[in-house]
1. May I ask you to verify whether D298 is open to solvent by 50 Å² or more (accessible area, probe 1.4 Å), at pLDDT 95 or above and either in contact with a His (Cβ under 9 Å, 6 or more places away or on another chain) or not hydrophobic (A, V, I, L, M, F, W, C) (or both)?
2. Among the numbered conditions (1) touching a residue at least 12 places away in the same chain (Cβ under 8 Å); (2) part of a helix (DSSP H, G or I), tell me where G296 comes up short.
3. Which of (1) in contact with a Phe, Trp or Tyr (Cβ under 8 Å, 6 or more places away or on another chain); (2) farther than 25 Å from A77 by Cα; (3) at pLDDT 95 or above; (4) surrounded by fewer than 18 Cβ atoms within 10 Å (Cβ to Cβ) is the odd one out, the single condition G156 does not satisfy?
4. Would you mind stating whether A64 is closer than 17 Å to Y171 by Cα and small (G, A, S)?
5. Write out, first by first residue and then by second, each pair whose Cβ atoms fall under 9 Å of each other, whose residues are 6+ apart or on separate chains, and whose first residue, in the range 341-358, is farther than 14 Å from Y293 by Cβ while the second is open to solvent by 40 Å² or more (accessible area, probe 1.4 Å) and of a type in the set (K, R).
6. Take the range 270-292 and flag every residue that is open to solvent by 20 Å² or more (accessible area, probe 1.4 Å) and out of contact with any Phe, Trp or Tyr (no Cβ under 8 Å at 6 or more places or on another chain).
7. Quick test for you: out of E225, E181, E248, pick the one residue that is in contact with a Pro (Cβ under 8 Å, 6 or more places away or on another chain) and not hydrophobic (A, V, I, L, M, F, W, C).
8. Looking at (1) under 30 Å from E225 (Cβ atoms); (2) buried (at least 16 other Cβ atoms within 10 Å of the Cβ), find the lone condition where Y171 falls short.
Amino acid sequence: MKRWAGVGALAVLMTLGACDEDTPTEVDDGFDFTEIIEAYVDQTVVATYADLETQATALRAAVAAFDGDQSQANLDAAANAWIASREPWEASEGFLFGPVAFLGLDPSLDSWPLDQAQLDDVLASSFDLSPDFIREGLNATLRGFHTVEFLLFRDGQPRTAGDVTDREREYLVAATEVLFEDATLLQEAWTSAVDGVGPRAFADEFRNAGQAGSRYLSQTEAILELIEGMIVIADEVGNGKINDPFTEQDPAIVESWFSWNSLTDFANNVRSIQNAYLGGYHKGTRGTGLNSYVAGEDPALDTRIQAEIQAALDAVGDVPEPFRSNLDANAEINAAIAALNTLVATFENDLKALVRGD
């Protein structure tokens, strides 16, 4: 399982309360969130997953090029493509609900830490290293972003091409294919009907919150899901991704430490919060965000939330690079954890109360 997957349990539970076509729905008697919900679906979630699919496609192509010609330039290009594909995934972690949870795509794409001992055993075996074998025959800690990362990077740099064995290259090709398939399935599950999710695109379910056929009984419930997604990732970054290796003083449990991409990952996690709150995608355009509702109801709270998100982003940026080699940066690390916990408290205590009308 993903090391910190447990913190997302609340978000998953909220979405599992599905209703069928005949279940009466609640009627929102307050604010009309239609514009915010539609913009969130189209300009934040779907836009982010579309970029993930695009970058995963480019990663697959770069790995295929290295498979055909094991030059250092091709390996460097594949490593750069991994970094590019990592950005939209990390920027999607503010909404780890819906298909990413229902279909088990979060652990499949992003389980950590990598089980290096078992990976070495598989590489030393005679198993056919096909995508089907990796998906069906191995657990989630032996595929996804971090397996591909390990096969491409050492000590923050692309590996020396000549050091990559034939078996590692075969594994790299197959694991990248599985990653690409997961990214594609995630995008399709939001935009098209996919078995195991529901009879319609999940985007339509979220868009139609409060209407027959949606698992969300009201628009307010959908907005609370959006907020819960922001809470989950703020807590995960502050109290898991940053605090765990800091408290244990263990570089081996720092996420993305082979590539030294850890702090960039964490920053993109915070950007996922910013995107969800302000609307849109930081690599695309802004839409109508939840902030438009908050600003109309409580301008001071909106100002505070936007400032706290930026403070968290700045605090993560102040931690020295690479994170795995600076676990003694007590002041900067504690400041980042505190900034993220401030966000959690504001979302949990103030933003949820505003939306619920407490």
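The values are calculated or read from the model by the stated rules, or taken from the named source; none is laboratory data. Please read all numbers here as calculations on a predicted model, not as lab measurements. Every residue, glycine as well, gets a Cβ built from its backbone with ideal geometry; the counts of neighbours run over all protein chains shown. To get the accessible areas, we keep the full protein, side chains included, count just its heavy atoms, and leave off ligands, DNA and RNA. Shrake-Rupley method; radii C 1.70, N 1.55, O 1.52, S 1.80 Å.
1. In short, yes.
2. Of everything listed in (1) touching a residue at least 12 places away in the same chain (Cβ under 8 Å); (2) part of a helix (DSSP H, G or I), G296 misses just condition (1).
3. Evaluating G156 over (1) in contact with a Phe, Trp or Tyr (Cβ under 8 Å, 6 or more places away or on another chain); (2) farther than 25 Å from A77 by Cα; (3) at pLDDT 95 or above; (4) surrounded by fewer than 18 Cβ atoms within 10 Å (Cβ to Cβ) leaves (2) as the failure.
4. yes
5. Correct list of pairs: T346/R304.
6. Hits for the range 270-292 are R271, Q274, L278, H282, K283, G284, T285, R286, T288, S292.
7. Just one listed residue meets the conditions, E181.
8. (1)
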